[in-house]
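Asks: Take this structure first; my questions come after.
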Amino acid sequence: MSTRSSHAEVAVPGEPTQTGTALLETATGTIQGFAPINSIHQHLCAFHFYAHDMSRQVEAHHFCAHLNEDVRQCLIFDSPDASARLIGVEYIVTEPLFLALPDDEKPLWHSHEYEVRGGYLFLPGVPGPVERRDLEKVAKTYGKTIHFWQVDRGDALPLGIPQLMMALTRDGQLREDLAEDVEKRFGVSFEKERKNREYMSGPDPGIHPLANAAGKGLKTELRETELAPPASMSGVFV
Amino acid sequence: MASSGEKAGPRTAVEGGEGGGGSLPPGRGTTVGSHVLDKGAAALQALRPVRQMKQHACSFALYAHDLARQVEAHHYAARLNQDFLQCAVYDSPDSAARLVGVEYIVSDRIFETLPPEEQKLWHSHAYEIKSGLWTNPGVPEMLQRPELANLAKTYGKFWCTWQVDRGDRLPLGAPALMMSPQAVDLGKVRPELVRRRDEKLGISTEDLRESRVEMEEPEWINPNADYWKQHGKGFAVDAVPTEMKRTAPFP
């Protein structure tokens with residue numbers, strides 16, 4: 001079964017990895033420490049869309065680690081394959097931590113309740129009962145997702161500025177072709193899973209009105225800034 | 001408006017106080033239950049893209065909008081081909097390290113194909129490597145040498161999503177563009193940051209620099225990279241409200 005997504009058509013420009021380089025990396029991969037990476041224990045598949053454009057949607061493979069019981073950090077790739085492109089990051093926090101965020105920060109975060117209860121967010125390869133024990137927690141969390149590589153518009157390289165992403169919040173948003181493609185490739189049925197997840201609930205007081213781009217939209221813009229002069233720095237430098 | 005630049009206004013429980021290093025993220029200790037779930041899932045899931053990260057490099061980065069703000073950065077790099085690496089960047093090499101951003105690294109050949117507007121967001125690596133600031137912990141210098149000579153000719157694009165150096169206990173604001181250390185005053189890394197790193201890793205940046213004196217340098221560095229050097233300007237990213245193009249009701 002191929003898990004390769006339709007996004008993976010455009011090859012990253014460059015020569016194939018040389019043997020010497022590959023050998024060196026096999027060596028460094030064995031000798032060096034990779035503790036932060038080794039903390040990553042979970043693969044989660046979901047969908048994101050651009051915070052300024054719901055029509056542009058991306059299949060997002062999250063590789064997540066717990067920083068503690070309330071905070072997770074995820075690397076987002078465009079597929080679960082070895083050749084996957086690193087397209088973004090997501091941070092996930094429980095509700096109390098979300099509530100403590102400044103009000104001008106909250107809109108950058110999105111709720112997870114709908115996509116979890118809807119069955120659209122899943123752990124490939126993990127049996128339902130096990131998956132659900134974690135997802136019932138995820139349903140109550142908020143996430144902040146930033147993408148750096150706009151693979152959905154065919155970019156062969158990570159061009160441009162970071163993009164804020166949002167998640168599904170109700171029926172009718174997710175593109176049917178994307179949904180069907182993922183269901184087929186991973187052998188899952190969102191509709192079936194929805195029934196199993198009916199018992200789950202989102203944040204107890206409901207979804208915060210400032211989350212999900214405060215119900216509007218968000219975009220990023222690049223700005224040139226003046227640099228502070230070096231006068232403040234003194235002493236001997238490297 | 002949330003910006004990658006400095007935040008004005010009162011601090012909350014999530015924004016830290018002065019000082020570098022930042023404080024721990026808020027939250028309870030990871031429960032046994034979560035550990036078990038994690039391990040269980042990991043046993044069933046291949047996590048292939050993450051297994052491709054086979055190089056750990058430690059270096060320093062400067063905020064593009066404020067070069068005086070400097071951080072130690074631990075890169076975990078996966079190679080997609082001879083000309084391209086993608087890195088998850090953390091603030092330390094420990095298991096509890098915070099994911100602070102992502103860096104992409106391309107060869108000079110690939111860099112030259114980018115439009116000038118894009119090139120401005122990238123930085124060069126030659127100085128960082130030749131000065132000994134960049135090191136691959138645990139790898140004998142001679143073994144690293146060929147790879148370092150290649151990396152010295154590459155360009156990087158580094159977005160920081162968690163500004164731990166200003167004490168943020170959670171990732172706040174829009175992402176910040178980062179730049180690399182350079183040979184001019186504004187681009188130099190503060191000695192105490194280097195000293196602290198060297199002590200932790202048991203290395204000497206000074207010794208590395210000496211041993212790399214003979215290392216090949218790129219003949220030419222594209223002047224669009226390290227934009228602040230030629231133009232005296234930095235970059236910041238702002239997150240601004242806008243009307244979302246919708247295909248269905250939202251939220």
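Where a number appears in this text, it was derived from the coordinates with a stated rule and is not lab data. Predicted model only: the values in this text are computed from it and were never measured. When we count neighbours, we look across all protein chains shown, and the Cβ atoms used for this are built from the backbone with ideal geometry, even at glycine.
Asks: Please report the projected area of the range A:88-238's Cα convex hull averaged over all directions, in nm².
Replies: Mean shadow area of the hull around the Cα atoms is 14.0 nm².
Asks: Measure off 7 Å from each Cα along the Cα-to-Cβ vector at B:GLU199 and A:GLU136, then give the distance between these two points in nanometres to one decimal.
Replies: Output for this residue pair reads 4.8 nm.
Asks: Kindly give the semi-axes, whole Å and largest first, of the ellipsoid equivalent to the range A:1-98, taking each as the square root of 5 times a Cα gyration tensor eigenvalue. Spell out each step's value before the answer.
Replies: On the way: eigenvalues 149, 99, 22 Å².
Here the semi-axes work out to 27, 22, 11 Å.
Asks: Expressed as a rounded percentage, what relative contact order does chain B have, with Cα pairs under 8 Å and six or more residues apart? Present the calculation step by step, with values, prior to reporting the outcome.
Replies: Working: 428 pairs, mean separation 67.8, N = 251.
Taking the mean separation of contacting Cα pairs over the length of chain B, I get 27 percent.
Asks: Next up: Over chain A, what is the relative contact order in whole percent, taking alpha-carbon pairs under 8 Å and six or more residues apart?
Replies: Numbers: 384 pairs, mean separation 54.9, N = 238.
The value is 23 percent.
Asks: To continue, here is another question. Tell me which residues come under 5 Å, amide H to amide H, from A:THR225 once H is placed; ignore anything under 5 positions away on its chain.
Replies: For A:THR225, whose amide H was placed from the backbone, the distant partners under 5 Å are B:GLY234, B:PHE235, B:ALA236.
Asks: Right, something else. Of the residues A:PRO205, A:PRO129, A:PRO96, which exhibits the maximal mean-square fluctuation in a Gaussian network model of chain A defined by a 10 Å Cα contact cut-off?
Replies: Ranking A:PRO205, A:PRO129, A:PRO96 by mean-square fluctuation puts A:PRO205 first.
Asks: A follow-up question, please. For the range B:22-96, what D do you get in µm² per second when you plug the Kirkwood radius from alpha-carbon pairs into Stokes-Einstein at 25 °C and 0.890 mPa s?
Replies: 160 µm²/s
Asks: For B:ASP185 and A:GLU198, what does the FRET efficiency come to when R0 = 51 Å and r is the distance between their Cβ atoms, rounded to the nearest 0.05? List each step's numbers first, then the result.
Replies: Values: r = 63 Å, r/R0 = 1.23.
Efficiency at R0 = 51 Å is approximately 0.25.
Asks: What dipole magnitude, in Debye to the nearest 20, does chain A give about its Cα centre under +1 on Lys/Arg Cβ and -1 on Asp/Glu Cβ?
Replies: Roughly 300 debye, rounded to the nearest 20.
Asks: If you don't mind, another one. Which Cys residues of chain A have no other Cys Cβ less than 4.7 Å away and so no disulfide-compatible partner by this rule?
Replies: A:CYS45
Asks: Can you give the FRET efficiency for B:GLU210 and B:VAL240, using 1/(1 + (r/R0)^6), R0 = 45 Å, r = Cβ-Cβ distance, to the nearest 0.05?
Replies: 0.40
Asks: Using a simple spin-label model with points 7 Å from Cα along the Cα→Cβ vector, what separation in nm is obtained for A:ALA11 and A:ALA82?
Replies: 1.7 nm
Asks: Here's another thing I want to ask about it. Starting from the Cα-Cα distance between B:SER23 and B:LYS233, subtract it from 0.36 nm times their residue separation and give me the gain in nm to one decimal. List each step's numbers first, then the result.
Replies: Working: separation 210, 0.36 × 210 = 75.60 nm, distance 3.05 nm.
Value of the extension gain: 72.5 nm.
Asks: Moving on to the next point. Compare the Cα positions of B:HIS231, B:MET53, B:LEU143 along the charge dipole of chain B (+1 at Cβ of Lys, Arg; -1 at Cβ of Asp, Glu; about the Cα centre) and return the one farthest towards the positive end.
Replies: It is B:MET53.
Asks: Averaged over every viewing direction, what's the projected area of the C-alpha convex hull for the protein assembly as shown? Give it in nm², one decimal, please. Numbers along the way, then the final one.
Replies: Numbers: hull surface 86.0 nm².
Taking the Cα atoms of the protein assembly as shown, their convex hull projects to 21.5 nm² on average.
Asks: Right, something else. Tell me, what HN-Hα J-couplings in whole Hz come from the Karplus equation 6.51 cos²θ - 1.76 cosθ + 1.60 at θ = phi - 60° for each residue of the range B:25-38, using x for Gly and Pro?
Replies: Values per residue, Gly and Pro as x: x, x, x, 7, x, 4, 6, 4, x, 5, 4, 5, 4, 4 Hz.
Asks: Grab the DSSP H runs of the protein assembly as shown that are 4 residues or longer, score each as -39,500 (n - 2.57), total them, divide by all residues and round the 222 nm result to the nearest 500 deg cm²/dmol.
Replies: -6500 deg cm²/dmol
Asks: Also, quick follow-up: Within 10 Å of each candidate Cβ there may be at most 12 other Cβ atoms; applying that plus a DSSP loop requirement, which chymotrypsin sites (Phe, Trp or Tyr not before Pro) in the range A:130-238 survive?
Replies: A:TYR199
Asks: Which one of B:HIS75, B:THR242, B:THR113 is farthest out on the positive end of the charge dipole of the protein assembly as shown, using unit charges on Cβ (Lys, Arg +1; Asp, Glu -1) and the Cα centre as origin?
Replies: Of B:HIS75, B:THR242, B:THR113, it is B:THR242.
Asks: Evaluate chain B: find the radius of gyration of its Cα atoms, find its Kirkwood radius, and give the ratio Rg to Rh.
Replies: Ratio of gyration radius to Kirkwood radius: 0.98.
Asks: If you place +1 on the Cβ of every Lys and Arg, -1 on the Cβ of every Asp and Glu, and leave all else neutral, what size is the dipole of the protein assembly as shown about its Cα centre, to the nearest 20 Debye?
Replies: 820 debye
Asks: How large, in Å, is the range B:77-218 by the Kirkwood hydrodynamic radius built from its alpha-carbon pairs?
Replies: One over the average 1/r among Cα pairs gives 16.3 Å for the range B:77-218.
Asks: Quick one: which of A:LYS137/B:LYS39; B:LYS54/B:LYS153; B:LYS54/B:LYS157; A:LYS106/B:LYS200 span more than 28 angstrom between C-alpha atoms?
Replies: Numbers: A:LYS137/B:LYS39 17 Å; B:LYS54/B:LYS153 20 Å; B:LYS54/B:LYS157 19 Å; A:LYS106/B:LYS200 36 Å.
Result: A:LYS106/B:LYS200 exceed 28 Å.
Asks: Trypsin sites (Lys or Arg not before Pro), restricted to the range B:18-108: which are DSSP loop and have at most 13 other Cβ atoms within 10 Å?
Replies: On the way: sites: B:ARG28, B:LYS39, B:ARG51, B:LYS54, B:ARG69, B:ARG79, B:ARG98; in loops: B:ARG28, B:ARG98.
Here the sparse-neighbourhood loop sites are B:ARG28.
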